[in-house]
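The values are calculated or read from the model by the stated rules, or taken from the named source; none is laboratory data. A quick note: this is a predicted structure, and the numbers were derived from the prediction, not measured. Please note: Cβ atoms are built from the backbone with ideal geometry, for glycine as well, and neighbour counts cover all protein chains shown. Surface areas here come from the heavy atoms of the whole protein model, side chains and all, with no ligands, DNA or RNA. Shrake-Rupley method; radii C 1.70, N 1.55, O 1.52, S 1.80 Å.
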Amino acid sequence: MTKIKLMTTAAAMLAGGLLAASPACAQATRTWMSGVGDDANPCSRTAPCKTLQGTISKTAAGGEINCIDPGGFGGVTITKAISIICDDVEAGVLVASTSGIVVNAASTDVVTISGLDIFGPSTVPGTHGINFLNGGVLNVRNTTIKGFATNGITFQPQTTAATMNLDDVILIGNGTVGDATTGTIRVTPAANVTANVMLNNVRASGNVNVGLRLDITGITGARINAQVTNSQFTNSGVGIILKAPAGTGIIDASVTGSVFSGNANSGVVGNGTGATGRFGTSTITGNGSGSAAAVTGVNAVGGATLSSYGTNVLDGNFNNTNTLSNGAFSGTIILH
Amino acid sequence: MLFRKGISMISFDKRALMIGAAVLGMGVLDAAPAYAQATRTWVSGVGDDANPCSRTAPCKTFAGAISKTAAGGEINCLDPGGFGAVTITKSMSIICDYTEGGVLNTGFNGVIINAADTDVVTLSGLDILALQSNPGTNGITFLNGAGLHVRNTTIKGQGTQGISFTPGVGKTSFLNLDNVVVQDSGTSGNATTGAIKIAPGNSGTATVTITNSRVTANANAGLRLDLTGTTGTKINAQVSNSTFSNSAVGMLIKAPAGTGTINMSVTNTIVANNGNNGVFGNGSGVSARFATTTITNNGSSAAGVSAGVTAANSAAVQSYGNNFLNGNFNNAAAAADGAFSGPVAQQ
């Protein structure tokens, strides 16, 4: 069926060629990259391209880019619905002093990234591993992001409600010492914009500052709905922070089956009356250090609500005098 | 794993040799037949369907390979490629776990299973793709067979369903989904379309297990179990360790009085960010039980009174008492968790 269709298309193009100048290469729905490809190629299975940026222009909106074999495919700016699926080979994106993947698409566009190794060198880190500005949905799967000075992933929908799903994503070595707004994953929608975020099986370890930062400081009418499950936030400054000062907007987060440990300052921080976090079956332990404040486990300040379903493991956090400092949830909430 | 594969390779080699000898012998006596079917066949992104689909002379498409694959056999992918849509009418496995196994199905079905009542079909490692601007019909549609296993597979951009499971009148079939992603499927304005639909025919039984699967950003329902308009029909469904998010309804469980029964268990699953409802049970034939499941952040400006859990028309949507049901909101942005219809005791 496909073959017949291709033949028909080929015949049509041939006929067209007789009548008029042939157009530039048509965009294909599925295109291919190879570590030894060439961006002058049409990005077909037998004549693959070399880079993401070279391939995306030859890929139809809604189409998919695949990797034939391992390679470093460079950074890319995405302005349409697209999938980049390279689950079965090394698919490197190495960038220095710039962002790995920028998503700035239409509000209905779905962007899916799976199987990438996004990497900024520690000597010259990248800016954002992934920087989402506009679009409908961003799915990131089976991907590792390391060495980005601003954030590993920055999700900042600017105009319309957007969704981010992270599934099997690893973030290490992101953020910059001395700049507290940098870190690992940052979710900050613009004014009056909603961000829906689901993290499943995410491991964020050894980053500077915050592992997961949900933050609408200074932004009015913003909303973040977040679910975090089966994930780990370890060995950073703070595991997770939910920050929605009075008058900004709403953060509503559900955290289950996750681990917050080994963070030098705090495991879990809620800040502001707009922040609600509900925790179940999660472990918050071993947070604290010689520079930690009085409370290092769970810390709800500024009127934040950090509720427990009563099924969490909160122990073994310590402060700068090396005394136990688990803190406490601001209240309990019943299971249903 | 390696040992098992090694064994099966050896048996394949022996069988191929014997078939080769048989063909040679026959050639002396008679015109040689078309290619004999092999138990293990191969496709390659640079193959050719004129080939015998062997390891050294692979085919190009699943449709080309299947006719050269014996019933009960297996198609493997030698290297990455787009291998096209296929209709499966016999016991068969398609296993492409180690390389891109693409199926592009704009305007038609991706994989159709319409086999004999005893046939079992396994699909693993496929990437079934159509475009939202040019959607497929169904990513996978199961019409008849003993059962279907789908593993390690992504399905997106389907206009009707990502997976449609509709065993016929009086038939009993199973569906196992393991590590399956369904996204961007269903059509706005056509409420019966969506991501995964289970709808056996009259007096049919569907037994469904879904684990470790992610269903996100589909139009209408993420998982639709629906007996509407049938009689004597049954669905047994177990859902675990999965997520249903960013669709209109996370799970729709519908068995109106007089149709049949849906017996469902949902554990360790997340139902979130769906615009209308997280879980919606409808009809007296529904008996669904939930444990250690998170139902949160469902709702929107278009949502009804109850956006979390709704049990309508005498549906039983019960809780083991350890679910996380909070943070759902209605069209007035007020809390709208709804409630389970009742408790059920853990043992």
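Within segment B:287-310, is even one residue touching a His at 6+ places or on another chain (Cβ under 6 Å) and open to solvent by less than 40 Å² (accessible area, probe 1.4 Å)?
no
All of (1) within 14 Å of another protein chain (Cβ to nearest Cβ); (2) of a type in the set (Ser, Thr, Tyr); (3) under 26 Å from A:Cys67 (Cβ atoms) hold for B:Thr122 with one exception: (1). Taking the conditions exactly as written (small (Gly, Ala, Ser) and part of a strand (DSSP E or B)), does A:Ala190 satisfy them or not? Answer is no for this residue.
Of the residues making up segment B:153-191, those that are touching a Leu at 6+ places or on another chain (Cβ under 8 Å) and not aliphatic (A, V, I, L, M) number 11.
Once segment B:143-158 is narrowed to residues that are assigned to a strand (DSSP E or B) and open to solvent by 10 Å² or more (accessible area, probe 1.4 Å), the residue that is farthest from B:Ser91 (Cα to Cα) is B:Thr154. What do you reckon, is B:Leu131 buried (at least 19 other Cβ atoms within 10 Å of the Cβ), aliphatic (A, V, I, L, M), part of a loop (DSSP other than H, G, I, E, B) and without any contact (Cβ under 8 Å) to a residue 40 or more places away in the chain? So B:Leu131 passes the test. The one condition from (1) within 12 Å of another protein chain (Cβ to nearest Cβ); (2) open to solvent by 20 Å² or more (accessible area, probe 1.4 Å); (3) among the aliphatic types (A, V, I, L, M); (4) touching a Gly at 6+ places or on another chain (Cβ under 8 Å) that A:Ala96 does not meet is (1). Residues in segment B:101-114 that are open to solvent by less than 10 Å² (accessible area, probe 1.4 Å) and either acidic (Asp, Glu) or farther than 24 Å from A:Trp32 by Cβ (or both): B:Ile113 only. Take the residues in segment A:255-285 that are away from chain B (no Cβ under 14 Å) and of a type in the set (Ser, Thr, Tyr), then tell me which one is surrounded by the most Cβ atoms within 10 Å (Cβ to Cβ). So the residue we want is A:Ser266. When residues in segment B:178-201 are screened for being in contact with a Gly (Cβ under 6 Å, 6 or more places away or on another chain) and either in a loop (DSSP other than H, G, I, E, B) or open to solvent by 10 Å² or more (accessible area, probe 1.4 Å) (or both), 6 of them pass. In the set A:Ile241, A:Ile185, A:Ile224, A:Ile216, which member is of a type outside the set (D, E, K, R), touching a Pro at 6+ places or on another chain (Cβ under 9 Å) and either free of Cβ contacts under 8 Å to residues at least 12 places away in the same chain or away from chain B (no Cβ under 14 Å) (or both)? Step by step, each of A:Ile241, A:Ile185, A:Ile224, A:Ile216 is checked, and only A:Ile216 is of a type outside the set (D, E, K, R), touching a Pro at 6+ places or on another chain (Cβ under 9 Å) and either free of Cβ contacts under 8 Å to residues at least 12 places away in the same chain or away from chain B (no Cβ under 14 Å) (or both). Condition check for B:Ala206 on (1) among the small types (Gly, Ala, Ser); (2) away from chain A (no Cβ under 14 Å); (3) open to solvent by less than 20 Å² (accessible area, probe 1.4 Å); (4) out of contact with any Pro (no Cβ under 6 Å at 6 or more places or on another chain): one failure, at (4).
For segment A:130-181, the tally of residues that are within 14 Å of chain B (Cβ to nearest Cβ), assigned to a loop (DSSP other than H, G, I, E, B) and either out of contact with any Asp or Glu (no Cβ under 6 Å at 6 or more places or on another chain) or more than 19 Å from B:Asn273 (Cβ to Cβ) (or both) stands at 3. Restricting attention to segment B:71-100, the residues being closer than 16 Å to B:Ile113 by Cα and either within 12 Å of chain A (Cβ to nearest Cβ) or open to solvent by 10 Å² or more (accessible area, probe 1.4 Å) (or both) number 12. Suppose we keep only residues that are under 22 Å from A:Ala26 (Cα atoms) and within 10 Å of chain B (Cβ to nearest Cβ) within segment A:49-79. Which one would you say is most open to solvent (accessible area, probe 1.4 Å)? Only one residue tops the list, namely A:Ala61. Got at least one residue in segment B:253-266 being in contact with a Lys or Arg (Cβ under 7 Å, 6 or more places away or on another chain), in a loop (DSSP other than H, G, I, E, B) and of a type outside the set (D, E, K, R)? No - not one qualifying residue is present in segment B:253-266. Among all residues of segment A:138-149, there is at least one that is under 23 Å from B:Arg214 (Cβ atoms) and of a type in the set (Ser, Thr, Tyr).
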